[in-house]
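So the structure is just underneath, and the comments pick up after that.
The values are calculated or read from the model by the stated rules, or taken from the named source; none is laboratory data. Model, not experiment: these values are computed from the prediction. Glycine also receives a Cβ, built like all others from the backbone with ideal geometry; neighbour counts cover every protein chain displayed.
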Amino acid sequence: MVVGVLFSVIIALAGELPKAPAPGPDVAAYFSHHHSALLTIAYLEGLAGVLMIWFWGVLRSVVAKAEGGTGRLSAVVLVAGTGQALLYTLSGAFLGTLAYHAPRTIDSTSAALLYRMGSVAFQAGAFPLGAALLAAAIVGLRSRALPSWLSWISGAFGVIALALRAIPEETYGPERVGSVAFFLVPLWFAVTGVVMTRRSTGGKIAITV
């Protein structure tokens with residue numbers, strides 16, 4: 001649930017980032033003007049990455065208990081989810097580097113390169129995210145480890161995450177489908193965290209982030 005809150009704070013602080021493909025001078029100017037907020041975002045993204053790894057570990061334990069056997073799909077949830085978290089953290093590292101150096105006069109070519117690398121790392125995270133969501137959805141539907149409505153939503157989000165990668169990057173602007181999906185992911189983390197907490201067994205509270 002904390003992951004969802006952090007995502008929301010990050011989105012609010014970031015505002016409207018330069019649209020892709022953004023020219024170097026525009027990127028340098030934006031990061032120079034907003035460098036304090038963007039450095040805060042870089043830290044919060046690293047913290048969110050740590051919490052996401054914890055989240056995927058908790059979700060893995062929930063679905064593994066229901067899946068039984070070798071826990072193949074449960075392993076996919078943890079490994080793919082961790083991969084998504086690491087790529088998200090890497091994206092924050094690139095953007096944090098850009099924010100740190102922007103006020104100290106960074107050339108437009110380097111600004112454009114760092115921004116694109118951060119964007120690519122973030123977008124590449126959709127592949128492991130899609131795998132983790134689909135694996136969790138399959139186990140949830142087979143074993144009722146998760147409510148059926150949440151399993152269907154998770155599966156749909158997994159398919160959407162993979163499908164969006166086939167859409168040109170320029171569509172990821174305000175009021176477009178990429179932005180809508182970007183806002184739905186934090187909500188999924190928050191809702192799934194609440195569901196896992198309420199479904200914790202033995203009267204123990206599962207620490208889901």
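Is there a residue in the stretch 70-79 that is within 27 Å of Val2 (Cα to Cα) and within 12 Å of the chain's Cα centre (by Cα)?
Within the stretch 70-79, not a single residue is within 27 Å of Val2 (Cα to Cα) and within 12 Å of the chain's Cα centre (by Cα).
Just give me the residues in the stretch 147-166 being modelled with pLDDT of 90 or more and either farther than 17 Å from Val195 by Cα or surrounded by 17 or more Cβ atoms within 10 Å (Cβ to Cβ) (or both), in sequence order.
Across the stretch 147-166, the qualifying residues are Leu150, Ser151, Ile153, Ser154, Gly155, Ala156, Phe157, Gly158, Val159.
So which helices (runs of 4 or more DSSP H) are wholly in the stretch 1-67 and hold at least 2 residues that are surrounded by 15 or more Cβ atoms within 10 Å (Cβ to Cβ) and at pLDDT 80 or above?
By residue number, 24-33, 35-67.
Of all residues in the stretch 68-78, count the ones that are without any contact (Cβ under 8 Å) to a residue 12 or more places away in the chain and assigned to a helix (DSSP H, G or I).
Qualifying residue count for the region: 1.
Out of (1) surrounded by fewer than 20 Cβ atoms within 10 Å (Cβ to Cβ); (2) touching a residue at least 60 places away in the same chain (Cβ under 8 Å), what's the single condition that is false for Ala93?
(2)
Checking Ala85 against (1) within 19 Å of Phe127 (Cβ to Cβ); (2) buried (at least 21 other Cβ atoms within 10 Å of the Cβ); (3) at pLDDT below 85, which single condition isn't satisfied?
(3)
Could you tell me which numbered condition Ser143 fails, if it satisfies all but one of (1) within 17 Å of Val62 (Cβ to Cβ); (2) buried (at least 19 other Cβ atoms within 10 Å of the Cβ); (3) of a type outside the set (A, V, I, L, M)?
Tallying (1) within 17 Å of Val62 (Cβ to Cβ); (2) buried (at least 19 other Cβ atoms within 10 Å of the Cβ); (3) of a type outside the set (A, V, I, L, M), Ser143 fails exactly one: (2).
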